[in-house]
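Participant: Below you'll find the structure I mean.
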Amino acid sequence: MRHYRSDSPEAAARIVAACLLSDGHVGIDELEALERHGMEERLKLNRAQLLAVIQQMCEDLTSTAYLNWGDTCRLDPAAIFGLAQDIKDWRLRREIIALCEEGAQADGHLSDAQALFIRTLHAAWYMPGARETYESPRSRERLTLARNHSR
């Protein structure tokens, strides 16, 4: 995947985009939810810029082995850990998590893939709280493997 400067709006947007894409698509409800919840102020980028990042990410993913293609577009947990390493600022991390949660729930349904993405992001940043909300029986093993792979 292409490199973005640490803590840049593009690096942050790529994580939000990956979360939204993890259920197989990005819908208008999700984009509108991000705007309602202050994406432009929080990430310093607008909808057009986010869509450009989504397009670049899709281009990158189609040319790499980070994807597990099934019925959804899921990034390998180790790849999520890699994306997470581009964000060092704790405030920005909290903003990204909040936007991922708002966007993922905008269509009234939090998919298993989106829940796993958010849990993995919490684990990558050592942020408590996701386990109770987003835990599923099979996810503990995936998170352990991803954490060990990123070291």
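Participant: Select from segment 26-68 the residues that are modelled with pLDDT under 90, surrounded by 13 or more Cβ atoms within 10 Å (Cβ to Cβ) and closer than 24 Å to H3 by Cβ and list them in ascending order.
Facilitator: Matches in segment 26-68: V26, M57, C58, D60, L61, Y66, L67, N68.
Participant: Another question, if that's okay. Counting only residues that are touching a His at 6+ places or on another chain (Cβ under 9 Å), at pLDDT below 85 and closer than 22 Å to R42 by Cβ, which one in segment 102-132 is surrounded by the fewest Cβ atoms within 10 Å (Cβ to Cβ)?
Facilitator: Per the stated criteria, the residue is P128.
The values are calculated or read from the model by the stated rules, or taken from the named source; none is laboratory data. All values reported here derive from a predicted model rather than from experimental measurement. Cβ sites come from the backbone with ideal geometry, for glycine too, and all protein chains shown count toward neighbours.
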